[in-house]
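Colleague: Sharing a structure, written as structure tokens. Questions coming.
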Amino acid sequence: MGALPPSAQALTLVREAKGLTQRELAMAAGVSQAVLSKAEGGLAGLGPRVGQVAEALGCPASVLVDGFPLVGAPVTCLHHRRRTSQVNAKAQKRVQALVQLTRVSVKAMVTAAGETPQVDQLVASRPLLGGPAEAAVAVRRRFGLGEGPIGDAMGVVERTGTVVVMRSLAAGGQDAVSSWAGDADTPLVLVSTGLPVDRQRFTVLHELGHLLLHTLPDEGQELEAHRFAAELLMPASAAVRDLAGLSISDLRRLAGLKETWGLSIAALIQRALDVECISQDQFRQMRIRLTRLGWHRAEPVTLPEEQPTRLAGYVAAARRRGFTDEQLAEAAQMTLPKFRSATWLSGASEEGLVHD
């Protein structure tokens, strides 16, 4: 059997991105599941029902008629940052579909801005970076970060040419996902909205670790990305200095270090173990203390919010070139209301976008 027509691929992709089964979409659109099954199988189009289905999916009807280019890395090249390894197949498909759809929109904005992907040489030379610690040192050296705290982790990631997009991944345990298809492509990181800032900072740098160190997913890569993010946020030399003599009663001290370094208290305890400032037994006792205090769910100390800006910059540049929001929404394969309310354009509010 040949490749499915673009309209069939688009229907499946948008449905999965919405997290809907065929049955659920059929009920929402007021059509039979058999109609959707045939359309997704390439056996028949949606015909006069295309408007109903598009409205239920919140996408332009043209997408379900003409399809769109499926750009970027295949789903096997995605790297995931999860709180748990148990994410069901439906949730995985949703995230994979969201990455593909986001790539379509990002590429459209880059093109409308009249630019080509500019990937920093650090990312382009990733096979030469060595292990996680060496890569973290290279990032600090490349961007002149010195040995102190990183004030804007999101900004560091975007300085590599990566586009960070905030979207509701709506998959239990899924914090972020990243992919990059090569030099002619834009590295992409999707970060789930609603994360505590300390977790968001660690997560976005975790994904940068994947982009710098890994090509195809493999065992052991999550630990490497963790080590990269921890070393980048708090270099070993600083960790040894600031965490020396740490004890189970030092919670106030840890709260102060969280505010300084932008690392969660849980991550600081892990860092103390990594650099041998505490023993395994002390580590376990501290983790138990966090659980008893309820800090494993919500820690004290609120860090300043961080927002991505690269995608917003592309949108602003496209508008300066004369593109209207209607044209940009069409290029991004989105409805105008969705384009204008999209949190993934967070940094573009000053350009007149309306937000949720």
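Colleague: Less than 12 Å Cβ to Cβ from Met154, Lys/Arg counted +1 and Asp/Glu -1: what total charge do the surrounding residues give? Intermediate results must be reported in sequence, preceding the final value.
Modeller: Numbers: positive: Arg159, Arg201, Arg310; negative: Asp152, Glu158, Glu207, Glu305, Glu306.
With Lys, Arg at +1 and Asp, Glu at -1, the neighbours total -2.
Colleague: Can you give me the C-alpha center-to-center distance between region 35-60 and region 298-323, rounded to a whole angstrom?
Modeller: That distance is 34 Å.
Colleague: Considering the options Met27, Gly148, Ser178, tell which one lies farthest towards the positive end of the dipole of the chain, charges being +1 on Lys and Arg and -1 on Asp and Glu at the Cβ, about the Cα centre.
Modeller: Met27
Colleague: Using 0.36 nm times the number of residues separating Val240 and Gln33, minus their current alpha carbon distance, what extension gain do you get? All intermediate terms of the calculation are to be shown ahead of the outcome.
Modeller: Working: separation 207, 0.36 × 207 = 74.52 nm, distance 6.04 nm.
Full extension of this stretch gives 68.5 nm more.
Colleague: Can I ask one more? Given points 7 Å out from each Cα along the Cα-Cβ axis, report the Arg320 to Thr215 separation in nanometres with one decimal.
Modeller: Between Arg320 and Thr215, the simple spin-label model gives 3.7 nm.
Colleague: Something else: Provide the gained length on full extension for the span Gln327 to Gln282, in nm with one decimal, where the gain is 0.36 nm per separating residue minus the Cα-Cα distance.
Modeller: Details: separation 45, 0.36 × 45 = 16.20 nm, distance 5.85 nm.
That works out to 10.4 nm of additional length.
Colleague: Report the label-to-label distance for Ala181 and Thr21 in nanometres (one decimal), using points 7 Å from each Cα along the Cα→Cβ vector.
Modeller: Calculated label separation equals 3.2 nm.
Colleague: Starting from the 7 Å offset along Cα-to-Cβ, what nm value, one decimal, do you get for the label separation of Ala44 and Glu305?
Modeller: 4.8
Colleague: With springs connecting C-alpha atoms under 10 Å apart, model the chain as a Gaussian network and identify which of Ala229, Ala298, Ala136 has the largest mean-square fluctuation.
Modeller: Sorting by GNM fluctuation, first place goes to Ala298.
Colleague: Note the listed values (1) 150; (2) 243; (3) 131, then indicate which one is volume of the Cα convex hull per residue in Å³ calculated from this particular structure.
Modeller: Comparing each candidate, only (1) matches the computed number.
Colleague: Skipping prolines and chain starts, which residues have an amide H placed within reach, meaning under 5 Å, of the one on Leu303, given they are 5 or more residues away or on another chain?
Modeller: For Leu303, the qualifying residues are Val197, Asp198.
Colleague: Please find, in a Gaussian network model of the chain (springs between Cα atoms separated by less than 10 Å), the residue of Thr111, Thr324, Thr335 whose mean-square fluctuation is greatest.
Modeller: Judging by the Gaussian network model, the answer is Thr324.
Colleague: Something else: Would you kindly state how much longer the chain becomes between Gln118 and Arg142 on full extension, computed as 0.36 nm times their sequence separation minus their alpha carbon distance, in nm to one decimal?
Modeller: Numbers: separation 24, 0.36 × 24 = 8.64 nm, distance 1.56 nm.
Fully extending the segment from Gln118 to Arg142 adds 7.1 nm.
Colleague: If you don't mind, another one. Roll a 1.4 angstrom probe over the protein heavy atoms and tell me the percent of accessible area of the chain that is carbon or sulfur.
Modeller: Values: 8380 of 16320 Å².
That fraction is 51 percent.
Colleague: Hey, another quick one. Using the crude model of +1 on Lys and Arg Cβ and -1 on Asp and Glu Cβ, and no other charge, please compute the dipole size for the chain relative to its Cα centre, in debye to 20. Can you show the working numbers first?
Modeller: Numbers: 38 positive and 36 negative charges, 138 e Å.
Taking the Cα centre of the chain as origin, the dipole is about 660 debye.
Colleague: By the gyration tensor of its Cα atoms, with a ≥ b ≥ c the square roots of the eigenvalues, what is the shape of region 194-260: rounded for a/c under 1.5, prolate for a/b over b/c, or oblate? Write down the numbers at each step before the final one.
Modeller: Working: a/c = 2.68, a/b = 1.86, b/c = 1.45.
Prolate is the answer for region 194-260, as a/c is 1.5 or above and a/b outweighs b/c.
Colleague: Might you report the magnitude of the Cβ-based charge dipole of region 217-318 about its Cα centre, with Lys and Arg at +1 and Asp and Glu at -1, to the nearest 20 debye? Kindly include the intermediate steps, with their values, before the conclusion.
Modeller: Numbers: 12 positive and 14 negative charges, 104 e Å.
Roughly 500 debye, rounded to the nearest 20.
Colleague: Another question, then. How large is the accessible surface per residue of the chain, computed with a 1.4 Å probe and reported in Å² as a whole number?
Modeller: Values: 16320 Å² over 356 residues.
I get 46 Å² per residue for this part.
Colleague: Using +1 at the C-beta of Lys and Arg and -1 at the C-beta of Asp and Glu, which of His206, Gly41, Pro117 has the Cα lying farthest in the positive direction of the dipole of the chain?
Modeller: With unit charges placed on the Cβ atoms, the residue in question is Gly41.
Colleague: How high is the relative contact order of region 7-73, in percent, with contacts defined as C-alpha pairs under 8 Å that are six or more residues apart? Numbers along the way, then the final one.
Modeller: Values: 70 pairs, mean separation 28.9, N = 67.
Once divided by the residue count of region 7-73, the mean separation gives 43 percent.
Colleague: Can I ask one more? Specify the residue with the greatest mean-square fluctuation among Met27, Met286, Met334, computed from a Gaussian network of the chain linking alpha-carbon atoms under 10 Å apart.
Modeller: Per the Cα network of the chain with a 10 Å cutoff, Met27 tops the list.
Colleague: I would also like to ask the following. Counting helices only, and only those DSSP H runs with n ≥ 4, report the 222 nm mean residue ellipticity of the chain as the sum of -39,500 (n - 2.57) divided by its residues, in deg cm²/dmol to the nearest 500. Before the final figure, lay out the partial values.
Modeller: Values: 18 runs with 185 residues, N = 356.
Counting only the DSSP helices, I get -15500 deg cm²/dmol.
Colleague: Something else: Farthest toward the dipole's positive end in region 201-356, which of Gln270, Gly220, Gly256, given Cβ charges of +1 (Lys, Arg) and -1 (Asp, Glu) about the Cα centre?
Modeller: Value computed over the given set: Gly256.
Colleague: List the relative contact order of the chain as a percent without decimals, with contacts defined as Cα pairs under 8 Å and 6+ residues apart.
Modeller: Numbers: 543 pairs, mean separation 67.5, N = 356.
Normalised by residue count, the contact order of the chain is 19 percent.
Colleague: Where the only charges are on Cβ atoms (+1 Lys, Arg; -1 Asp, Glu), what is the dipole of region 94-235 about its Cα centre, to the nearest 20 debye? Walk me through the numbers on the way to the answer.
Modeller: Numbers: 12 positive and 16 negative charges, 62 e Å.
Dipole about the Cα centre, nearest 20: 300 debye.
Colleague: Looking only at region 17-40, which residues have a backbone nitrogen under 13 Å from a spot 7 Å from the Cα of Ala61 in the C-beta direction?
Modeller: none
The values are calculated or read from the model by the stated rules, or taken from the named source; none is laboratory data. Here the structure is a predicted model, which means the values were calculated and not measured. Cβ: placed from backbone, ideal geometry, glycine included. Neighbour counts: every protein chain shown. Note: accessible area is taken over every heavy atom of the protein model, side chains too, but ligands, DNA and RNA are not part of it. Shrake-Rupley method; radii C 1.70, N 1.55, O 1.52, S 1.80 Å.
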